[in-house]
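Okay, structure first, notes after.
The values are calculated or read from the model by the stated rules, or taken from the named source; none is laboratory data. Predicted model, so just to flag it, every value in this text is computed and none were measured. Every residue, glycine among them, receives a Cβ derived from its backbone with ideal geometry; neighbour counts consider all protein chains shown.
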Amino acid sequence: MAVTKAKPAKKTGSAKITPASYGAKDIQVLEGLDPVRKRPGMYIGSTGLTGLHHLIWEVVDNSVDEAMAGYCTTITVTINEDGSCSVHDDGRGIPVDPYPSGPHKGKSALEVVLTVLHAGGKFGGEGYKVSGGLHGVGVSVVNALSRRLIAEIDRDGAKYKQEFIDGGNPKTKIQKVGAASSKAKTGTTISFWPDPIIFASEGVEFVARTVLERLQTIAFLNRNLEVIFEDKRKDKKDKVTYQYKGGIVDFVKHLNVARESLFNKVAHYEASEADQTLEIALQWNTGYYEGIFGYANGISTVEGGMHVEGFKTALTSVLNKYARSSGGLKEKDENLLGEDIREGLTAIITVKLREPQFEGQTKAKLGNVSIRSFVQKETNTKLEEWLLENPTEANRIIKKAVAAAQARIAAKNARNAVRRKTALSGAGMPDKLKDCQSSNPAESELFIVEGDSAGGTAVDARDPQKQAILPIRGKILNVERARLDKMLKNTEVQALITAIGGGVGNDEFVADKARYHKVIILADADVDGSHIRTLLLTFFYRQMRPMVESGFIYIAQPPLFSTEVGKEKTYLKDESAKEKFLTANPNHKKEFQRLKGLGEMDWQELRSTTMDAGTRTLLQVNVEEAAEAENVMSVLMGDDVESRKAFIQKNARDVRNLDF
């Protein structure tokens, strides 16, 4: 999971256009790359850290397309000492010959690709049989949102170079600058400096961990492709190489490394027909959550799609058939449900097809109907063969699924008990919930506050029209290690479920039925507070994941320090804010007070620093890399202590607020 800053909205005015004055002169035509700079969010999602890193993905995706086409063996991503990024591949190199016709006739193909939206080798012709970049807008967007970009191409024994500045304006024409690199006779290197004006909200500093997660996934999905990351920045120097001979089999093993596998083998099969291929790897663990991750032409389809549907349908059919034939299910027993069979399953489903139909600009869901029947047919055949060839593993899968079915029935009974209790208690809301007056979820906020004392302060500090307060006592149950039936017996979990509404469990929960579209975790800025935040995030990710995917979960940021400037108290969010304050106020002599507890602020201070929508800063929680989020959750909240220790040691340098 990742967090994105959500700052208070500013009121803006706009000139009024009357019907009489509205004419052709009022129609604005944006040419070239102007639309990208005018509305960058339409092209890269946001102008925060997510959008900043999207620039790297756009360039890397082009290199991956070369790899999928069979022309690239190595991709290198470098964060340079000055903070810029360079992406190199040893593919064929972007064409440099003059464009043959139309308004761009005479310009080099390289310049057209870098300055014209929707120009590239994936929009017809035979440049690429499969491509992940078809639905995006490519490297021209990177150029538009950079203050500087340099393209270097090795082709036909020569090296070519062209530089662009100020959002994609050619500084030079394409130039032949020498012989091609002796190591790479062909290839492309794109170096770019993101425009700090575009990314002013959160800056232009790339996060190494974010880049590494994406690059490792790329290496898993492209067997034998060498993917290199190098960080040359001061105090962050690092070099990591990913290359997996086992491909997605290694991917499944990686995702299950912090879990106890149900058996050592990883089921794996491949198939191809006409213009589409599939490769699937799967393995069960002893945990309670499923992790099925779909990819189409290397693009993560976080909302699934036809390939995932086909797999799930066949999986349920094949396992029930095997359970009947092996005696795992008796004649009188009901069939296992898909959710029973998928409990503890980790699976990678990757397909490649000639013309992928993605739903939405984010490519979150694959819509090709033909791939569903293809995946379903091949899974029916090949998974059945695997089960027959591996009876010991197959029987363990069936036993686990049967146990999951029994737990599902127990959880259903527990849910009904919670509902009956709610119905009998009158209004149905937890006694300690101080609800808001508004019944409009879009404007309603629920603050989950640690402890009754801080809850009382928050009640005084809130806006009662739109802000509700739910105090929780102590640390809630770690849901990573508990099935739903056990979870529903926990008092604090019951209070959360009842207050939020929408149900519980990812098979039942509906985000649109939630009573609040902002659920804000308000905990102390110390170790205990961090643990409580993590436990709550685990609960939302595992049992109300649509809330996370819809962007409804936030983390409040109470200040960590206070100091006095004259007679006024000034609050500072963290160490970074403190350093900036001292830089701006070098003669400041007053002490800084470290505010570890919410109880150290009175209600007026809590309101102005943390709860007032006009002055606060929130962190919005979202899921970017679903497979890696699944892995991190299991590492941090599971039973494998060594994996957790290794993760913390490896990623400590990327932590912005670390408290001991």
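Observations, loosely collected:
- Listed by first and then second residue, the pairs with beta-carbon distance under 7 Å, at least 6 apart or on different chains, first residue in region 206-232 and over 25 Å from GLY70 (Cβ atoms), second in a loop (DSSP other than H, G, I, E, B), are ALA208/LYS236; GLU213/GLU625; ASP231/LYS237; LYS232/ASN80; LYS232/GLU81.
- Cβ separations smaller than 6 Å between residues 6+ apart or across chains give the following pairs from region 565-586 residues that are acidic (Asp, Glu) to residues that are at pLDDT below 85 and surrounded by 14 or more Cβ atoms within 10 Å (Cβ to Cβ): ASP574/LEU560.
- Matching option when the condition is part of a loop (DSSP other than H, G, I, E, B) and in contact with a Cys (Cβ under 9 Å, 6 or more places away or on another chain), among PHE199, PHE263, PHE206, PHE192: PHE206
- Residue that is in contact with a Gly (Cβ under 7 Å, 6 or more places away or on another chain) and of a type outside the set (Gly, Ala, Ser), where the choices are ASP82, ASP89: ASP89
- Within region 575-606, the set of residues being surrounded by fewer than 16 Cβ atoms within 10 Å (Cβ to Cβ), in contact with a strand residue (DSSP E or B) (Cβ under 8 Å, 6 or more places away or on another chain), of a type outside the set (Lys, Arg) and in a loop (DSSP other than H, G, I, E, B) comprises ASN585, HIS588, GLU591.
- Residues being crowded, with 22+ Cβ neighbours inside 10 Å and not in a helix (DSSP H, G or I) - total across region 303-327: 1
- The set of residues from region 67-105 being free of Cβ contacts under 8 Å to residues at least 12 places away in the same chain and part of a strand (DSSP E or B) comprises just one member, PRO98.
- Near pairs, Cβ below 6 angstrom, 6+ apart or cross-chain, from region 125-154 (closer than 11 Å to ASN62 by Cβ and in the same structural domain as PRO95 (by TED's automatic domain parsing)) to any residue that is aromatic (Phe, Trp, Tyr) and at pLDDT 95 or above: VAL142/PHE192
- From LEU383, LEU446, LEU388, residue being at pLDDT 95 or above, of a type in the set (A, V, I, L, M) and in the same structural domain as ALA499 (by TED's automatic domain parsing): LEU446
- From the options GLU31, GLU58, residue that is acidic (Asp, Glu) and modelled with pLDDT under 85: GLU31
- Within region 357-389, the only residue that satisfies the criterion of being crowded, with 20+ Cβ neighbours inside 10 Å, of a type outside the set (A, V, I, L, M, F, W, C) and under 21 Å from the mean Cα position of the chain (by Cα) is LYS363.
- Looking only at region 61-120, residues that are crowded, with 20+ Cβ neighbours inside 10 Å, under 26 Å from the mean Cα position of the chain (by Cα), of a type in the set (A, V, I, L, M) and closer than 25 Å to LEU145 by Cα come to 5 in all.
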